[in-house]
Amino acid sequence: MSEEFDAVIIGAGPGGEVVADELIDAGRRVAMVERELVGGECPYWACIPSKALLRPGEAQGEARRAFGVSTPALDWKDTAAYRDWIVRGLDDAGSVKAYEGKGATIVRGTGRIAGPGRVDVDGRVLEAEHVIVATGSSSNVPPIEGLEDVPYWTNREATTLAEVPDRVMLVGGGPVAVELSQVMSRFGAQVTLVQYPDRLVNREDPRVGELIEAALRDDGIDVRTGVGAESARTAGGPEGTTVVGLSDGSEVEVDRLVIAAGRTPRIHDIGLETVGVEPGARSLPIDEGCRLAEGLWAVGDATGVAMFTHLAQYQGRVAAANILGGSRRANYRAVPRVVFSDPEIAAVGLSEEAAREQGIDVATATVDLAASLARPVTYERNPRGELGVVADRARGVLVGAWAVSPLASEFIHEAVVSIRAEVGVDVLLDTVRQFPTFAEGMFKALDRLEM
């Protein structure tokens, strides 16, 4: 016998939770299907524990670069204990209780679509007018010869580690690899970072990769770009170390190999064929309202739009509004992208290269924040930071921006709002910003544009 609801959500991660919250608040009967923990990857194995692990080293770095203050020591035991507290010991009982208290039904197991309006959860059948796919993503594991025969970590093991290994290799050069390399290096590990493309965070402006590579090298991290991991084998002996063979012919022996090479949407073998939906290789064919088909919706990493918690939550709001009878359309023009490294990396909109590929008449400008502003020199010794902007000459609007700087994750949001609302560069130049702040860098960069 089936159970009936107004909506069944497959996956209780950030996107699924937002849909659930909105529909529950509107009085709908909601079932949330979750095969692991309610809350998903972000609060237990990704965003939240990684930022907690980053903070002590960040604070120590701030103190070291500041003036009139001594440098504090790092305490791994206390850091790990706080991390365990903030992820609630990988226990979602509190979240489950909260949702059940609001009237939601939590169904443990693997959900699979079994026809229009039907979801099968390990033999338990749920029926609803609306089904929402929020199945998230999983870590990519590149084809490294012998990898299956050696112990290795993904983000999950790396963010829940009990002790920091002495020697670590991270494979990848995106946000996860960059952040984890600084965590482990600052807590005493000898870190090697290998990235097959020729620069780190290679989807961003090339200057971003140059700046963060220099910062990681200053931390003592051995950064090797243009080099890939090709093989892995156990070194033998009581220590159980791993020898990684690289594409340049060199070998590196480490105590732990960490795979941080991106993520893949979980969109296959979830029953989409039973409702006539053909998934792409790495995405689902949603429309502007996050609809896949009549009564079928998708949000978050599974859509393949961009794998960010904040985007999943945004899509959750869009889908819920439309399920409730609205006609909301998602707009991805200004989704912020941040790496919580030290210094932080923040970007939004188009890179110069992407803008030119779209045929935009591009104007760009870059500013050295330390040389242009008062705030950096009051913030730290040997101040750092650069900011770049990309504008559309024909329309007179900002279409992209990036920064590598302290507090970049905060001040990037002027560019986020400006790009989303298509605020004219003339208006931005006619806007008063607080002195002295890093945010003044936006004026300095815009003022250098040759429009």
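Every residue, every condition in (1) surrounded by 15 or more Cβ atoms within 10 Å (Cβ to Cβ); (2) not basic (K, R), yes or no:
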residue: N202; (1), (2): yes, yes
residue: A215; (1), (2): yes, yes
residue: I221; (1), (2): yes, yes
residue: R224; (1), (2): yes, no
residue: R233; (1), (2): yes, no
residue: T242; (1), (2): yes, yes
residue: V254; (1), (2): yes, yes
residue: A261; (1), (2): yes, yes
residue: E294; (1), (2): no, yes
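In the stretch 280-389, counting only helices (runs of 4 or more DSSP H) that sit wholly within it, the ones holding 1 or more residues that are in contact (Cβ under 8 Å) with a residue 24 or more places away in the chain, within 21 Å of E129 (Cβ to Cβ) and out of contact with any Ser or Thr (no Cβ under 8 Å at 6 or more places or on another chain) span 309-323.
Per the listing V362, V377, V389, the residue uniquely surrounded by fewer than 18 Cβ atoms within 10 Å (Cβ to Cβ), among the β-branched types (V, I, T) and either assigned by TED's automatic domain parsing to the domain that holds V416 or within 26 Å of the chain's Cα centre (by Cα) (or both) is V377.
All of (1) outside any helix (DSSP H, G or I); (2) surrounded by 13 or more Cβ atoms within 10 Å (Cβ to Cβ) hold for P72 with one exception: (2). Among residues of the stretch 72-94 that are over 14 Å from C42 (Cα atoms), those with a beta-carbon under 7 Å from a residue that is assigned to a loop (DSSP other than H, G, I, E, B) and not charged (D, E, K, R) at least six positions away or on a different chain give the pairs L74/F187; W76/V164; W76/F187; A80/A162. Being in contact with a helix residue (DSSP H, G or I) (Cβ under 7 Å, 6 or more places away or on another chain) and not β-branched (V, I, T) holds for only one residue in R433, R420, R395, R356, and it is R433. Candidates V183, V133, V178: the one that is touching a residue at least 24 places away in the same chain (Cβ under 8 Å), surrounded by 15 or more Cβ atoms within 10 Å (Cβ to Cβ), within 21 Å of the chain's Cα centre (by Cα) and closer than 30 Å to E357 by Cβ is V178. Touching a strand residue (DSSP E or B) at 6+ places or on another chain (Cβ under 6 Å) and either within 30 Å of T242 (Cα to Cα) or assigned by TED's automatic domain parsing to the domain that holds V168 (or both): does that describe R263? The answer is yes for R263. Within the option set P151, P143, being loosely packed, with under 15 Cβ neighbours inside 10 Å and modelled with pLDDT under 95 holds for one residue only, P151. Is it true that A31 is buried (at least 19 other Cβ atoms within 10 Å of the Cβ) and assigned by TED's automatic domain parsing to the domain that holds A128? Yes; evaluated as a whole, the condition is true for this residue.
The values are calculated or read from the model by the stated rules, or taken from the named source; none is laboratory data. Keep in mind it's a predicted model, so treat the numbers as computed, not measured. Counting neighbours? That spans all protein chains shown, and the Cβs are built from the backbone with ideal geometry, glycine included.
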